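Report on the following structure.
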Amino acid sequence: MPREHLLKIGVSGIRGVVGEFLTPLLARAFAQAFGTYVGGGRVVVGRDTRSSGPMLQRAVHCGLLASGCEVIDVGVLPTPTIQIYTGATRARGGLAITASHNPPEYNALKLFNGSGLFFNHYERSELLDIYHQSDFRQAYNDEILRLSTETEAPARMHLERVVKHVNVDRIRARKFRVGLDSVNGAGSVMSPGFLSETLGCELHAISIDPTKPFPRVAEPRPDTLGDLAELVRTKQCDIAFGQDPDGDRLAVVDEHGNVLDNDDVLALAVMIALERRPGNVVVNLTTSSVIDDVVTARGGKVYRTPVGEANVVDVMQAVNAVIGGEGSNGGIIFPAVHLCRDSYTGMAFLLDRMAETGLTMSQLAAQLPRYWRRLGKTGFEHGRLGPLMQALEDRFPGAKLDCSDGLKLLLEDSWVHVRSSNTEPILRIAAEAKSEAGVEKLYGDVLSLLSGR
Amino acid sequence: MQKPLRISHVGLRGVVGRGMTASHVLDFASAFGTFLGPGPVVIGRDPRASGIMIREGVASGLMATGHDVIDLGVVSTPVIQHAINRMDAAGGMSIGASHNSSSWNALKFLGPRGSYLSTGEAGELLDIYHLRNYSFSEWQGIGAYRTADDAIDRYLDDIAGAFELDSLRRYKVVVDCSNGTSSLILQRMNERFGFRFILINARTGGVEFAHEPNTSSRTVALQLAPLVQPLGADAGFLFDADSDRVAFATETGEAVTSERVLPLLTDYLLPRGAGKLVIANLSTTALLEEVAARHGGRVLRVPVGRQAAIDALSSYRPEQVAIAGEGTGAVMMPRFRFVYDGIASMLAVLSMMHEEGKTLSSIIAAYPKYSILKGEIPLVTQQLPALFTELQARYADGQMNVADGLRVDWPGKWFHVRVSQTEPIVRVICEQKGAPPTALFESLMELVRSYAA
């Protein structure tokens, strides 16, 4: 049996299982390549709460200092907070040490430019060239700059930006009962204060100890938020929020303890944003058609991009979008706060909408058109991808095709999107239709075609 | 031209950025973490600016290999060694390039109880490094990092038990700290014990040193010696950057060569302890034999370099040894676990002044005069065997020692010709009781030069 290699160095950065695969040696080298690429100057470094974080962060500091960068260590903070602070303080770049929603044995480096945005495709490949050539800047003793810590300002800056876009007084007046599950991640250091002190909610929180391991699967999904749903029922919460370890993704539970579909959460955020200011919306190919309905009804235009936050952000900048995101990933990107996925904007938007309308969370969700979705995956052999895609195209001759990221087939009232994962040797399948039976049939057909059964 | 990187049994040393890089740091820390048994590792550094970068890499590599890291901050190597022993740690690392200029840095590796590594242990560490065969822990086993700021005080507790500080603090002493770690220790002694140390070059900024932090008599004569008399001080001492070496000046402003430190302390310690053995390298003054003979002691001559002294020490029981050291002013005393400790050496000199009731100049004047001449000539590696063969033939009438190049002794006169471990040169040292051995020195230099390019 071939040995499994649990490390990926590529255009999405460096990600892997800590220990044998993701080592401090690699982290140091990658950071020094990053420091060389941004050309010295100030670099912001933070992390989520994984046990490997402090070790990898020091390797990153070492590489950055060795390349002549000044390092600002912001400690444990959500990724959006690190990005906002990087952009706001005119640093040369930023690094978040987090494997986002991956299991605890993983870690990764997320890379930001001086505006606090994910490196675009071209920036990433240039960085990778420096890394592979080991062509690093090596600072001499008198060129080595300081390492300092900044723990208070980043969170304050982030939350000040968020509350500018909601009516804090009307949220506070409602004294919402709010449930929270921060998976003991970076959100643990910021979300409780934000909800209870800034927004005046009655907080019922679980998993907000940043020193403890993740108590559940790190990705916030309906099947992983059982404890939070239970909390909503026992504490009679009005709404509850589930975060991932680095606080960019958001999942929402309504007052009955039902976990909303992440596409619907994004659709509600889009609705809220467009009603204040109409304009363009950018989502990835896998995001639900519910977005098209919501946007079209408000006179806006939807742009679709390949999957990946950086892809969405690139197009959002190009078309000056009002809002965007990635549905199934639970990512809301609201550029007026920052061009990054931000769970705090999502929380504030929904609480503000409830305060404004007097509707419950389930009533808000019920305003959305109803779609049925099915997500899944199947393994595939290297080299077989072309014939599989061809067979898929042949199977649906009347479909409209979008080949910008794998293959998306747009059918009458339904669609299916098949793409190979950037991180694993699997095909991801997403299907959507206007009825439950419709989506089951479409998904089943595609799965049996791809898996040869 | 000194090469900008040297990896050897005593550790790693180089010009930061030009020879010694962040990559070396991570590799060596990971190798050392792999080499050590389980348990915490104590680290500390001298004030060089590059020390922060190196500390981050060192901490990361040690944490990744499963060790908790206890960072003592800016402290001397002897303080680290003391803390390893006190905390029963698995080992330690000292970050600092002792007598080299500020552009250099180095890693020293310390075993359990704060001992230097034996040649066998150091060889094993180098094997791990060369194979890059590191044992990185999985995510649950990664070590934690913490700081400890009481290491200097705990070390001084020990110092207070070994010397009569009450009777020493009346001395007015000027100290040139070479912008190194002695500054922090001596400031603390002033506060805590009421000493009257007047410190010069005591800033520990780390980018530029006031002068090369070495203990040569030229360095002592530069700033320290001229200050002693005008200030009405009883003595002047000079430490290298990590305060393991010491040199001094008398109350009359005479710069005393660091060669004198070891004979002086031998004279003081031999009658006061059980050990009768004095360990010194082949390049150190013959005054040592004369002093040792007065107290029934015996001198064991070993090759130049700390490693040879360590290996010699390990062949004897601690109580058999009175003292070990070298002509650079680096001295190990049994009371201090055979650690090169400049602070302890200084206090021993002051104790000698106190107990004998004499000034430093009169103590120095009581010893017979020995004159030493030193030279160096660039080498041609291929010619070295022929050079040593001819030297042995020409000086066959003396007593020969070939443990490190060639040393030949006659009554009242000796020379040592050896190849430097750090630079591509042959060193010639020649000493005579009384007048300088000019004729012997000139003919040696001429012979060595005839084998150079």
Whichever residue in the stretch A:388-412 is within 28 Å of the chain's Cα centre (by Cα) and part of a loop (DSSP other than H, G, I, E, B) and, among such residues, is surrounded by the fewest Cβ atoms within 10 Å (Cβ to Cβ):
A:Cys403
Of residues in the stretch A:284-303 being out of contact with any Pro (no Cβ under 7 Å at 6 or more places or on another chain) and surrounded by fewer than 19 Cβ atoms within 10 Å (Cβ to Cβ), the one farthest from A:Leu407 (Cα to Cα):
A:Ala297
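A quick yes/no check of all residues on (1) in the same structural domain as B:Val321 (by TED's automatic domain parsing); (2) aromatic (Phe, Trp, Tyr); (3) under 17 Å from B:Ala344 (Cβ atoms):
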{"position": "B:Gly206", "(1), (2), (3)": "no, no, no"}
{"position": "B:Thr266", "(1), (2), (3)": "yes, no, yes"}
{"position": "B:Leu277", "(1), (2), (3)": "yes, no, no"}
{"position": "B:Glu290", "(1), (2), (3)": "yes, no, no"}
Considering only the stretch A:39-62, state which residues are hydroxyl-bearing (Ser, Thr, Tyr) and at the interface with chain B (Cβ under 8 Å from one of its Cβ atoms).
A:Ser51, A:Ser52
(1) at pLDDT below 95; (2) over 17 Å from B:Ala122 (Cβ atoms) all hold for B:Val25 apart from (1)
Considering only strands (runs of 3 or more DSSP E) wholly within the stretch A:311-386, the ones with at least 1 residues that are among the basic types (Lys, Arg) are A:372-379
Which of the strands (runs of 3 or more DSSP E) found entirely inside the stretch A:111-208 contain at least 1 residues meeting this: buried (at least 17 other Cβ atoms within 10 Å of the Cβ) and within 14 Å of another protein chain (Cβ to nearest Cβ)?
A:147-149
Against the conditions (1) under 30 Å from B:Ala22 (Cβ atoms); (2) in contact with a helix residue (DSSP H, G or I) (Cβ under 8 Å, 6 or more places away or on another chain); (3) β-branched (Val, Ile, Thr), where does A:Thr151 fall short? Just the number, please.
(2)
Which condition from (1) on the phi > 0 side of the Ramachandran plot; (2) in contact with a helix residue (DSSP H, G or I) (Cβ under 7 Å, 6 or more places away or on another chain) is the one that B:Ser98 breaks?
(2)
Scanning the stretch B:187-218 for residues that are free of Cβ contacts under 8 Å to residues at least 40 places away in the same chain and assigned to a helix (DSSP H, G or I) gives B:Gln187, B:Arg188, B:Met189, B:Asn190, B:Glu191, B:Arg192, B:Phe193, B:Arg218
Would a scan of the stretch B:75-84 turn up a residue that is within 12 Å of chain A (Cβ to nearest Cβ) and crowded, with 24+ Cβ neighbours inside 10 Å?
no
Return the residue satisfying two criteria in turn: it lies in the stretch B:86-96 and is part of a strand (DSSP E or B) and more than 14 Å from chain A (Cβ to nearest Cβ), and of such residues it is farthest from B:Gly33 (Cα to Cα).
B:Ser94
Quick check: anything in the stretch B:425-441 farther than 19 Å from B:Ala280 by Cα, assigned to a loop (DSSP other than H, G, I, E, B) and not small (Gly, Ala, Ser)?
yes
Could you go through the stretch B:179-189 and let me know if any residue there is surrounded by 17 or more Cβ atoms within 10 Å (Cβ to Cβ) and under 14 Å from B:Leu227 (Cβ atoms).
no
Of all strands (runs of 3 or more DSSP E) completely enclosed by the stretch A:1-107, which ones contain at least 1 residues that are surrounded by fewer than 23 Cβ atoms within 10 Å (Cβ to Cβ) and either among the β-branched types (Val, Ile, Thr) or in contact (Cβ under 8 Å) with a residue 12 or more places away in the chain (or both)?
A:7-10, A:13-17, A:41-47, A:69-76
Only listed residue being modelled with pLDDT of 95 or more and within 17 Å of the chain's Cα centre (by Cα), chosen from A:Val295, A:Val270, A:Val302
A:Val270
Please enumerate the residues belonging to the stretch A:319-339 that are modelled with pLDDT of 95 or more and not β-branched (Val, Ile, Thr).
A:Asn320, A:Ala321, A:Gly324, A:Gly325, A:Phe334, A:Pro335, A:Ala336, A:His338, A:Leu339
May I ask you to verify whether A:Gly406 is outside the structural domain of A:Pro78 (by TED's automatic domain parsing), in contact with a helix residue (DSSP H, G or I) (Cβ under 6 Å, 6 or more places away or on another chain) and not charged (D, E, K, R)?
no
Scan of the stretch B:97-156 for residues that are within 13 Å of chain A (Cβ to nearest Cβ), in a loop (DSSP other than H, G, I, E, B), surrounded by fewer than 19 Cβ atoms within 10 Å (Cβ to Cβ) and over 22 Å from the mean Cα position of the chain (by Cα), ordered by number:
B:Arg132, B:Asn133, B:Ser135, B:Glu138, B:Ala144
Regarding B:Thr266, is this residue assigned to a loop (DSSP other than H, G, I, E, B) and touching a residue at least 12 places away in the same chain (Cβ under 8 Å)?
no
Residue tally, condition closer than 10 Å to B:Ile95 by Cβ, more than 8 Å from chain A (Cβ to nearest Cβ) and not in a helix (DSSP H, G or I), over the stretch B:42-68:
4
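Just the residues that are within 14 Å of chain B (Cβ to nearest Cβ) and among the aliphatic types (A, V, I, L, M), please, taken from the stretch A:6-38.
A:Leu6, A:Leu7, A:Val17, A:Val18, A:Leu22, A:Leu25, A:Leu26, A:Ala27, A:Ala29, A:Ala31, A:Ala33
For the stretch A:221-254, give me the residue count where each residue is touching a helix residue (DSSP H, G or I) at 6+ places or on another chain (Cβ under 9 Å) and either buried (at least 24 other Cβ atoms within 10 Å of the Cβ) or under 26 Å from A:Val295 (Cα atoms) (or both).
Adding up the residues that qualify gives 19.
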Given the conditions (1) part of a helix (DSSP H, G or I); (2) touching a residue at least 24 places away in the same chain (Cβ under 8 Å); (3) more than 9 Å from every other protein chain (Cβ to nearest Cβ), which single one is not true for B:His24?
(2)
So A:His101 ticks every box in (1) closer than 28 Å to A:Arg216 by Cβ; (2) within 14 Å of chain B (Cβ to nearest Cβ); (3) out of contact with any Gly (no Cβ under 8 Å at 6 or more places or on another chain) but one. Which box is left unticked?
(2)
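The values are calculated or read from the model by the stated rules, or taken from the named source; none is laboratory data. Quick caveat: nothing in here was measured; it's all calculated off a predicted structure. All Cβ positions, even for glycine, are placed from backbone atoms using ideal geometry, and neighbour counts span all protein chains on display.
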